[in-house]
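Only one structure is covered here, and it is reproduced in the block below.
The values are calculated or read from the model by the stated rules, or taken from the named source; none is laboratory data. For clarity, every value in this text was computed on a predicted model and none was experimentally measured. Note: ideal-geometry Cβ built from the backbone for every residue, glycine included; neighbour counts use all protein chains shown. For accessibility, only protein heavy atoms count, side chains too; no ligands or nucleic acids. Shrake-Rupley method; radii C 1.70, N 1.55, O 1.52, S 1.80 Å.
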Amino acid sequence: MFVDQGWLMSDTEIQLRFHNNPIHIFKKRDQTSKYNIKCCTVNLYTDEVVDDVECVDQFYQSVHASNPPIRVSSLGEYDNQDQSAHGMPVSDTDYVIFKLKTFEFNSHGIKVQIYKPTENSSEPSLYGYTNILPLHLENCTGSLVLVLNSLHGFPIGHITVRYLVCKPNKYVKYSLAKSFSKWWNRDRPTLEIGHRGLGDTHSTDINYKKEQNVKHENTLGSLMTAGEMGADYVEFDVMLSKDKVPIIWHDFKVSILLRKRSRGKHQVYNIPVHELTLAQLQDLRVEYVKHNSGSEHYDVSDVTEEHNLHDKLSPFPLLRDALREIDPNLGFYVEIKYPIYLYDNKSKEEGIESFFERNSFLDPILKVLHEEGGSRRIVIASFDPDTCIISL
């Protein structure tokens, strides 16, 4: 029998990730040692105090038994497991994740303990520790470099940990009435999926599009027509406007084309979509702009005919309208657009230095999907792994 973890109802899940040689010890003689990591939950408001250094390890093991458990997984062991008495070995090539679920996020800290092999014992001994407090986890994701202390409280090194905080969706009331999460019929035939509806139109020759009356990508008209032509699913991209309205649009930025006063030349300004409200986005007239390499000249052509806000070919359609107006028998493959951040916390998307916090970004999108989804088959995807984790 397979038992799923289920949805987060009122609890919060915290993931601590250790990889890329996370432990650095100041003493040279200890820098080449192999270390184990163990994480224990600590009630921040307990009245118990331990003064005897020799009893610290036993105390935290007893505290761990009475607090929410922390389970661990690694690249070799995907399933979450109980921690051993002396933690999980972490090497240069390991990727270890510790997971904690708690109903009292602000009442629990996490003690990260480091164990080191000893010559006189077959079991490693407690070597140092650090603490992670709720105030360290203000953002949904991030990276921490924390001081490692000896059992006597002296600094002996530092440890790097990346974290993810998954909070329950405050807008959605989950039930087990119907759930196809992680279910897929492997015996079904190959599915026809319309990419952005009828396909990518940005790379299509502008004259060909006019001659063939090609409907612009990621519009309601393109999605509807793909269904009428026999698609089983349509794939499209979803992001938020500045006022947190889920819209269908692919790029993280829109290019605003301004004509200079001198000689009629154009200047292009790239503005992030999430910095414009829905009304501002819908006021834009979308055109196909092609820059002639080696010159300041731009060829500008209408992508669509003149349209109003209620036209099926209008850009920036609402996710809610797509769910309401498109045949419910047409499946939706919803790609959630969230920028991917590299190890140094810099976005791969140039010009996107700040973005919505993941939980507050996903909540409005999931709310609309649950309220308007009905019986429609919906697949949620993203190139950002943490977005996928929080969406489950």
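Full extension of the chain segment joining residue 389 with residue 340 gains 16.2 nm, where the gain is 0.36 nm per residue of separation less the Cα-Cα distance.
Stretched out straight at 0.36 nm per residue, the stretch from residue 279 to residue 106 would grow longer than its current Cα-Cα span by 58.5 nm. Length gained on full extension, residue 9 to residue 371: 128.6 nm, using 0.36 nm per residue less the C-alpha separation. Between residue 79 and residue 43, the simple spin-label model (points 7 angstrom out along Cα→Cβ) gives 3.2 nm. Counting only protein heavy atoms and using a 1.4 Å probe, the accessible area of residue 71 comes to about 100 Å².
Here the label points at residue 329 and residue 379, each 7 Å from Cα along the C-beta direction, are separated by 2.0 nm in the simple model. Qualifying chymotrypsin sites (Phe, Trp or Tyr not before Pro) in the range 71-104, where qualification requires a DSSP coil assignment and no more than 10 other C-beta atoms within 10 Å, comprise 78. What is the sum of charges, Lys and Arg at +1 and Asp and Glu at -1, for the other residues whose Cβ falls under 13 Å from the Cβ of residue 191? Taking every Cβ under 13 Å from that of residue 191, the sum is -1. Solvent exposure of residue 224, expressed as accessible area, is near 50 Å², computed with a probe of 1.4 Å over the protein chains only.
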